[in-house]
Amino acid sequence: MDEEARLELVRDWLTRARRDLEAARALAALSEPLLDSAIYHCQQAAEKALKGWLQMQDDPFPKTHDIERLVRQAALQEPEFNQHLQAAAVLTPYASAFRYPGGAFEPMPSREEFDEALGHAQVIFDFVVARVPREAKP
């Protein structure tokens, strides 16, 4: 893949991550907040941001929703990513928690749980965006 195409793909990953953050905020701000859907978008934002960074490094990543795994992979090239392991552990379960009936989780996340997830997702997104070239920023 040539450099221009790679930068465009990274920008697409990061744009989608930013939109997931925007969707999370919008869903949480409704008069009847949809926190179960909003928290899912927090997980997705972090996942897509990390996949964008790995794409920037030309580091193939598996099809996974495991943010901890993606952070560990990113940390092999930039150890500072390790500081996000705790946030990744919080966010990873939201790929499927609250999405389907009969799960082990309570039916809806609390506002505090959502706020924590949103904060973690935003920090990971900002961390990644700060490390990509201007041409790859959303």
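The values are calculated or read from the model by the stated rules, or taken from the named source; none is laboratory data. For clarity, every value in this text was computed on a predicted model and none was experimentally measured. Neighbour counts run over all protein chains shown; Cβ positions are idealised from the backbone, glycine included.
If the condition is being surrounded by fewer than 18 Cβ atoms within 10 Å (Cβ to Cβ) and in contact (Cβ under 8 Å) with a residue 40 or more places away in the chain, then the stretch 123-135 contributes VAL129, ARG131, PRO133, GLU135.
The residues of the stretch 16-63 that are polar (S, T, N, Q), surrounded by fewer than 19 Cβ atoms within 10 Å (Cβ to Cβ) and within 18 Å of ALA74 (Cβ to Cβ) amount to a single one, GLN57.
Restricting the stretch 20-65 to residues that are among the acidic types (Asp, Glu) and in contact with a His (Cβ under 9 Å, 6 or more places away or on another chain), the residue that is nearest to PRO93 (Cα to Cα) is GLU47. Helices (runs of 4 or more DSSP H) fully within the stretch 1-97 that include at least 3 residues being at pLDDT below 95: 3-28.
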